[in-house]
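Quick notes on the structure that follows.
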Amino acid sequence: MSSSKQEIALVTPVAAEVQQEAHAFVADGREAKAVKCLRKATGLGLPEAQAALQLLRSGKALPVDYPQALENLEALDSDLMGELGSLLAEGHSVKAVKVLRERMDLSLTSGYRLVKELEDREAS
């Protein structure tokens with residue numbers, strides 16, 4: 001199963017300053033510059049950055065860090081979170097990253113960082 005571009009944007013952290021900068025570009029009528037700003041800061045592809053900008057324009061705040069991104073992932077797909085938790089409990093962190101990447105169409109870095117955040121959260 002593949003995630004929507006908006007779901008990918010909702011689990012990709014974007015620094016608050018970058019979100020403000022993107023808003024400023026949109027206010028100046030420079031939407032393409034706003035998308036470029038989001039892509040540069042996050043590594044998102046063009047469709048995902050456009051989806052992130054659409055979310056920002058609709059008043060939705062994007063996560064600013066991986067703990068917030070993990071909360072969003074939990075809200076989007078609790079079954080996936082359960083599966084990841086089970087894999088981590090069995091010591092299969094690499095498989096957890098693979099499952100997350102396949103289900104959410106995330107980059108290796110994003111998948112790894114989200115799984116690492118989940119590991120850290122469950123260890124506490």
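Is it the case, given these coordinates, that Leu114 is buried (at least 21 other Cβ atoms within 10 Å of the Cβ) and without any contact (Cβ under 8 Å) to a residue 60 or more places away in the chain? If you could, list the steps in order and put the result at the bottom.
Values: buried (at least 21 other Cβ atoms within 10 Å of the Cβ): yes; without any contact (Cβ under 8 Å) to a residue 60 or more places away in the chain: no.
Criteria not met by Leu114.
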Task: When residues of the stretch 13-45 are limited to those that are among the β-branched types (Val, Ile, Thr) and over 13 Å from Ala61 (Cβ atoms), the one farthest from the chain's Cα centre (by Cα) - done: Val26
Open item on the list: For the list (1) under 16 Å from Leu106 (Cβ atoms); (2) at pLDDT 95 or above, I need the number of the one condition that Leu44 fails.
Closed with: (2)
TODO: Go through the stretch 46-85 and count every residue that is touching a residue at least 24 places away in the same chain (Cβ under 8 Å) and among the polar types (S, T, N, Q).
DONE: 4
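Which ranges mark the helices (runs of 4 or more DSSP H) fully within the stretch 1-108 that have 3 or more residues being open to solvent by 20 Å² or more (accessible area, probe 1.4 Å) and under 21 Å from Asp120 (Cα atoms)?
On the way: elements: 5-10, 16-27, 31-42, 46-57, 66-76, 78-89, 93-104.
Once the helices (runs of 4 or more DSSP H) in the stretch 1-108 are filtered for at least 3 residues that are open to solvent by 20 Å² or more (accessible area, probe 1.4 Å) and under 21 Å from Asp120 (Cα atoms), what remains is 66-76, 78-89, 93-104.
The values are calculated or read from the model by the stated rules, or taken from the named source; none is laboratory data. Keep in mind that this is a model prediction, so the values were computed, not measured. Here the Cβ is made from the backbone with ideal geometry for all residues, glycine too, and neighbour counts use every protein chain on show. Accessible surface areas use protein heavy atoms only, side chains included; no ligands, DNA or RNA. Shrake-Rupley method; radii C 1.70, N 1.55, O 1.52, S 1.80 Å.
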